[in-house]
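The values are calculated or read from the model by the stated rules, or taken from the named source; none is laboratory data. This is a predicted model, so every value here is computed, not measured. As a convention, Cβ positions derive from the backbone with ideal geometry for all residues, glycine included, and neighbour counts pool all protein chains shown.
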Amino acid sequence: MKIIKYYKNIKLQKNPSKFIIAKILMKLGLSQYFIIKQKHYNLRFYPTKISRELWIDPKFWGDNWTLRDNFFWNFLKTDDVVIDTGSHIGQITLEAAKKVGPTGKVYSIEPHPILFKYLQGNVKLNNLDNVEFFNVALGEENSTIKFVTDSTDPSSRISNDNSGVNVPLRKLDELEIEENKINLLKLYAVGFEKFVLLGASNIMKKTECIHFREYEKEKSDKYDYEYLDVFKILFKNGFKIFQIQKNNILKTINEDLHTEFDKNAMDYVAVKNLDEFLTRTKFKVVS
């Protein structure tokens, strides 16, 4: 049955032969010697699903990821300070570190110990020395927590059933980030965003813009809270929230949260100074 399932999986691939080669390279431990070229940086072909898909097709993520990359590249300026939570293999860390330059700073946070090594390897590959790493999970307290793993592709997700490996849990406020101003906080926590923010009250005071992922109620449900709680915390801390849409359009999310969420749009931004944000990005706001 496994052979039949595997055969069907191969048939679904756009490039079946390269898919097979990729699987063989990963199995033999040889994939890391291959380089994946992206627009502003390079990645090693580490044995993860993301690396595999990008090695097979560097444009695998399509328009959605291009829009995300473009946002970070267009928003960030030389000398900026960035916090990248849930860095995974480092795509946003690399994008940001390249753009802010040697006088800027990126604080890159990845909980999973295997992914953390891949993240460090990709930063080294790109000869970047403006990145500081933290191998911790983020939450509202300091303790130890279980983190989900997978034999072929470590999955960045805090366990909700006590399975996985032990990783340190830390408040973002208590990491060694001695900055007077944070230009951008990328908030990706696969449903754990509320608890990251609850441990980041001081960081939020210094942060100008927070970029976070699409509305995913099913993920927050795993941790027994409403995803709209994330929006409420941000509003309470003085942020205005917008949904990023195509063609550099921002859709306003009202504080009453009665806004209809556009599921075709992918990401959100929370900003304190809208005029400054619009000057940086050339976005336009619609109600």
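General observations
- Lone unmet requirement of (1) assigned to a loop (DSSP other than H, G, I, E, B); (2) modelled with pLDDT of 95 or more for T93: (1)
- Subset of the stretch 165-200 (residues that are basic (K, R) and within 19 Å of A97 (Cβ to Cβ)): K181, K186
- The condition of being acidic (D, E), in a helix (DSSP H, G or I) and closer than 24 Å to L257 by Cβ holds for E218.
- So N74, is it among the polar types (S, T, N, Q) and at pLDDT 95 or above: no
Residues are listed down the side, and each one gets a yes or a no for (1) surrounded by 15 or more Cβ atoms within 10 Å (Cβ to Cβ); (2) of a type outside the set (K, R):
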position	(1), (2)
I24	no, yes
K27	no, no
S51	yes, yes
L54	yes, yes
N74	no, yes
V81	yes, yes
D84	yes, yes
H88	yes, yes
T93	yes, yes
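- Residue in the stretch 1-16 that is basic (K, R), within 29 Å of G104 (Cβ to Cβ), surrounded by fewer than 20 Cβ atoms within 10 Å (Cβ to Cβ) and at pLDDT below 90 present: no
- Condition broken by N237, with the remaining ones in (1) at pLDDT below 95; (2) within 27 Å of W73 (Cβ to Cβ); (3) surrounded by fewer than 21 Cβ atoms within 10 Å (Cβ to Cβ) satisfied: (1)
- Check on K206, within 18 Å of V271 (Cα to Cα) and either among the hydroxyl-bearing types (S, T, Y) or touching a residue at least 24 places away in the same chain (Cβ under 8 Å) (or both): yes
- Hits in the stretch 113-146 (condition: part of a helix (DSSP H, G or I), in contact (Cβ under 8 Å) with a residue 12 or more places away in the chain and out of contact with any Lys or Arg (no Cβ under 9 Å at 6 or more places or on another chain)): P113, I114, L115, F116, L119, Q120, V123
- Test: residue in the stretch 109-121 that is more than 22 Å from K49 (Cα to Cα), surrounded by 22 or more Cβ atoms within 10 Å (Cβ to Cβ) and modelled with pLDDT of 95 or more: no
- Only listed residue being within 20 Å of the chain's Cα centre (by Cα) and at pLDDT below 90, chosen from A270, A265: A265
- Residue that is under 15 Å from S87 (Cα atoms), at pLDDT below 95 and out of contact with any Ser or Thr (no Cβ under 7 Å at 6 or more places or on another chain), where the choices are S143, S151, S156: S156
- Check on H88, modelled with pLDDT under 95 and on the phi > 0 side of the Ramachandran plot: yes
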